[in-house]
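Read through the structure below, which is laid out as structure tokens, and then see the notes.
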Amino acid sequence: MISSLDLGTILAFVVAFSIFVYVVMDGFDLGVALLFPFFPERHDRDVMMNSVAPVWDGNETWLVLGGGALFAAFPLAYAILMPALYAPIIAMLLGLVFRGVAFEFRWRTERGRFLWDIAFTGGSLVAAFAQGVALGAILQGVTVTNNAYGGGWWDWATPFSALTGLAVVIGYALLGATWIILKTEGTLRDHAYTLANRLTYTTLAAILLVSAVTPFLEASYWQNWFAWPRILLTAPVPLGVGVLAWLLLRRLAERRDAWPFPLTLALFGLCFVGLGVSIFPYIVPDTVTIAQAAAPRISQIFILVGVAILIPVILAYTAYAYWVFRGKMDPDEGYH
Amino acid sequence: MLTDFDPVLLARMQFAFTMSFHIIFPAFSIGLASYLAVLEGLWLKTGREVYLDLFHYWKKIFAVAFGMGVVSGIVMSYQFGTNWSVFSEKAGPVVGPLMAYEVLSAFFLEAGFLGVMLFGMKRVGRGLHFFATLMVALGTLMSAFWILSVNSWMQTPAGHAVTDSGQFVPEDWLAVIFNPSFPYRLVHMVLAAFLTTALVVGGVAAWHHLRGRSGPASRKMFSMAMWMLVLVAPLQIFAGDQHGLNTLEHQPAKVMAMEGHFESHPDGAPLILFGLPDQDAAQVDYALEIPKLSSLILKHDLNAPLDGLEAIPHENWPPVAIVFWSFRIMVSLGFAMLGLGLISLTARWRGKLHDWRGLHMVALAMGPAGFVAVLAGWVTTEVGRQPFTVYGLLRTADSASPLAAPAVGASLIAFIVVYAVVFAAGTFYLLRLMNHAPKPHEPGLKRGQPIRAAGITSAPSMEPNEMMGPREENAK
């Protein structure tokens, strides 16, 4: 018999998995948009946008699943965090509105195209920054009174959340650059190599800064990272980041197109594990645990049944969709 | 300045505003996805190019509408938490999983196959492409299934228990999902989506007829749209009537507001055609009414007694005037759709379907009628549910997030500004796409023409004639 706590933990991993898949998949879509200013050529931008056009919608759906699964499995945490993150979430949604419609609108106008390019990049920038701010705001803790959010609507705004906002923007840009390397050829790819190289260094700097500050935000974070013997388990995480970064820089220097993108994904994966190490077993740091926030057992089971059956199916046809559009982009293709 | 406002009222305004914008697009894309599947299916079956031309024509329009539906829909999914956190916490165990199922079974399906449907015609075989189109259409219907189940549960909650802390806990999932109003609401909404799409398709075709630019494709789609109206409008009126009877059984106060019945009528209630409901005075001014007809419609008995709002506590009354009027708008448009269908039938019978300007002008004027009717219908059912979020159990005033008015006011203004810009542009592009008449296709890809990306030509696409789909003109 599986206890309720175990179901809660499994579902917490489902939520975390959805958010992670969202972060890396929409991360490269948003990253490609963030790099538009570095590619002023109209044709380059066409190819860049078309490289993500068939998949962005599916990628963004993981965000809906992340929020939806949190709502379904941990209604208390959802009810506390969403009002706490009110401004960043609304900003993210509005940013995603501009980014999303730009995919279609951009092709519907000649004169106004530059405007939708701005909307594409600007919307992505706002969304990425807001996501980073939300992350920072959760990490630094939110005020909870009587099982509800008890703070003000500007509590999230701190230097730390600005730092995490910036870090996510930089990280997404790196994902975008390595995606372009994977999907394109010629000068477009060459330029992406230069950018990816610089972005790797800035991403590392951002990871370093955030990691240096985080353990001091809550006493439990410090314990989670450095208490003996836990440190034996946690130490490989930063070491792994170092190894991956070194490998990434090597592959960039060797110009092996297929490698930088998966390596960046792995880098994101380790950072995500790092966040988990800090927060677990809480879901609202230092106030509400996974078990406390969990929905009734009957809801958990119902969600898990759906997840167990449908996530593998989703992964299969998502993989198929990527397979259909695999390989380097045909610069002249598009349905428009 | 915003501190003087009631934050709950602002949150309601924001939800109503963002929801009203959102529903326009699913109402269109649910029907259009099915229409695309029908078009592609007919093309595969008959091989007639006109269906493929229409498929490509509406595909581009679908992409724009669908995109706007996606971005406005994500807003909705997060707004439960940002603005209605108390509702989310209390009702989350029931509605959360249903919405998670919507994501898992509908959103991913649509999104996963949309790319193949829009971009993949040259990359996968005909069968697979058709499969992708079918999956997109199925996804839109699955989405309607789950979200209407959620909404219906909020209207007619069933299959749950309430804990001491006021949290709703599911007891029987089937009873939750198939709650009493769900089947009616689902049928009513899906038919509404089909009608909305038929009216748009018919309106666009009528426009090209009137401009003297109609080719075989315009004629074909006009004929299809008019058939759809003839078949679906009567069904919809019947479904709406059944839905109304269901509402009378489970949410009598809503029907009282729809009917404008403040007073109880022990021996037969009149049907108030028009009038000005006055909530404070609890009466309908200048009422134009037909005696006993309401009892006949709702109870199938001229003399059946019908309670009015005076029979229930005043604090449980919905805002009557809004519900009263939105209901009348919806019903009149429903009958207007039936009327258009019948006129088209006469025209078809006399062989003048494509030559009768009067018909085309009416069809053009009715083009947006589906959207108005859908909005009016949703206003009726949602405002009619007030003052509750979960009908009879959780009050709207007790559902909102602990947010100060300036926060909600600022976001509301931001939504209004952004939506005004984005959706004005989107509507403009949609209308411009529709303004181009569908054309017979340009020469397709010749066999052997290089498709540059390595390794993307799947085996079926190498078959002769398989890849002869028209190359889309670059829409300016």
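Here, each number is a calculation from the coordinates, and none is a lab measurement. As the structure is a computational prediction, the values presented were derived from the model and not from experiment. Cβ coordinates were reconstructed from backbone atoms using ideal geometry, including for glycine residues, and neighbour counts include every protein chain displayed.
Quick one: which of A:THR121, A:THR61 is more than 27 Å from A:LEU195 (Cβ to Cβ) and either more than 7 Å from chain B (Cβ to nearest Cβ) or not small (Gly, Ala, Ser) (or both)?
A:THR61
Against the conditions (1) outside any helix (DSSP H, G or I); (2) under 17 Å from A:TRP179 (Cβ atoms), where does A:VAL47 fall short? Just the number, please.
(1)
Is it the case that B:LEU148 is under 19 Å from the mean Cα position of the chain (by Cα), of a type in the set (A, V, I, L, M) and more than 8 Å from every other protein chain (Cβ to nearest Cβ)?
Criteria met by B:LEU148.
Counting only residues that are β-branched (Val, Ile, Thr) and farther than 24 Å from B:ALA91 by Cα, which one in the range B:401-417 is nearest to the other protein chains (Cβ to nearest Cβ)?
B:VAL417
If you take just the helices (runs of 4 or more DSSP H) that sit entirely in the range A:243-336, which of them hold at least 1 residues that are touching a Gly at 6+ places or on another chain (Cβ under 8 Å), away from every other protein chain (no Cβ under 14 Å) and over 30 Å from B:VAL94 (Cα atoms)?
Because the criterion is at least 1 residues that are touching a Gly at 6+ places or on another chain (Cβ under 8 Å), away from every other protein chain (no Cβ under 14 Å) and over 30 Å from B:VAL94 (Cα atoms), the helices (runs of 4 or more DSSP H) in the range A:243-336 that meet it are A:260-279.
Looking for something surrounded by fewer than 19 Cβ atoms within 10 Å (Cβ to Cβ) and closer than 29 Å to A:ALA33 by Cβ - is there at least one such residue anywhere in the range A:215-227?
no
For the range A:169-188, name all the residues that are closer than 15 Å to A:VAL52 by Cα and charged (D, E, K, R).
Answer for the range A:169-188, where residues must be closer than 15 Å to A:VAL52 by Cα and charged (D, E, K, R): just A:LYS183.
Could you grab me the full set of residues in the range A:242-265 that are in contact (Cβ under 8 Å) with a residue 24 or more places away in the chain and within 17 Å of the chain's Cα centre (by Cα)?
The answer is A:PHE261, A:LEU263, A:THR264, A:LEU265.
I'm trying to understand the selection: among the residues of the range A:95-118, which are over 22 Å from the mean Cα position of the chain (by Cα), closer than 17 Å to B:TYR419 by Cα and facing chain B (nearest Cβ under 7 Å)?
Result: A:GLU104, A:PHE105.
Where residues in the range A:108-156 are assigned to a loop (DSSP other than H, G, I, E, B), free of Cβ contacts under 8 Å to residues at least 12 places away in the same chain and not acidic (Asp, Glu), which of them is surrounded by the most Cβ atoms within 10 Å (Cβ to Cβ)?
It comes out as A:THR109.
Within the range A:25-44, track down each residue that is surrounded by 22 or more Cβ atoms within 10 Å (Cβ to Cβ) and either within 14 Å of chain B (Cβ to nearest Cβ) or assigned to a helix (DSSP H, G or I) (or both).
The answer is A:MET25, A:ASP26, A:GLY27, A:PHE28, A:ASP29, A:LEU30, A:GLY31, A:VAL32, A:ALA33, A:LEU34.
Considering A:PHE39, A:PHE28, A:PHE71, which residue is under 30 Å from B:GLY166 (Cβ atoms) and among the aromatic types (Phe, Trp, Tyr)?
On inspection, the qualifying residue turns out to be A:PHE71.
Just need a number here: residues in the range B:297-344 that are within 29 Å of the chain's Cα centre (by Cα) and not polar (S, T, N, Q). Quick ask: steps written out before the conclusion?
In the first step, residues of the range B:297-344 are kept if they are within 29 Å of the chain's Cα centre (by Cα); the result is B:297-299, B:316-344.
In the following step, the residues that additionally are not polar (S, T, N, Q) were identified as B:297-299, B:317-325, B:327-331, B:333-343.
Residues that pass the stated criteria total 28.
I need the full set of residues from the range B:279-317 which are free of Cβ contacts under 8 Å to residues at least 40 places away in the same chain and charged (D, E, K, R), in order please.
Hits for the range B:279-317 are B:ASP280, B:ASP285, B:GLU289, B:LYS292, B:LYS299, B:ASP301.
Can you pull out every residue in the range B:180-209 that is part of a loop (DSSP other than H, G, I, E, B) and either touching a strand residue (DSSP E or B) at 6+ places or on another chain (Cβ under 8 Å) or crowded, with 24+ Cβ neighbours inside 10 Å (or both)? Working first, answer last.
Start the filter on the range B:180-209 by keeping residues that are part of a loop (DSSP other than H, G, I, E, B), which leaves B:180-181.
Scanning the range B:180-209 gives a single hit, B:SER181.
Can you confirm whether the range A:12-20 contains a residue that is surrounded by fewer than 24 Cβ atoms within 10 Å (Cβ to Cβ), more than 18 Å from the chain's Cα centre (by Cα), more than 9 Å from every other protein chain (Cβ to nearest Cβ) and free of Cβ contacts under 8 Å to residues at least 12 places away in the same chain?
no
Out of all the residues in the range A:78-90, is one or more more than 16 Å from the chain's Cα centre (by Cα), part of a helix (DSSP H, G or I), within 8 Å of chain B (Cβ to nearest Cβ) and surrounded by fewer than 24 Cβ atoms within 10 Å (Cβ to Cβ)?
Scanning the range A:78-90, I find at least one residue that is more than 16 Å from the chain's Cα centre (by Cα), part of a helix (DSSP H, G or I), within 8 Å of chain B (Cβ to nearest Cβ) and surrounded by fewer than 24 Cβ atoms within 10 Å (Cβ to Cβ), so the answer is yes.
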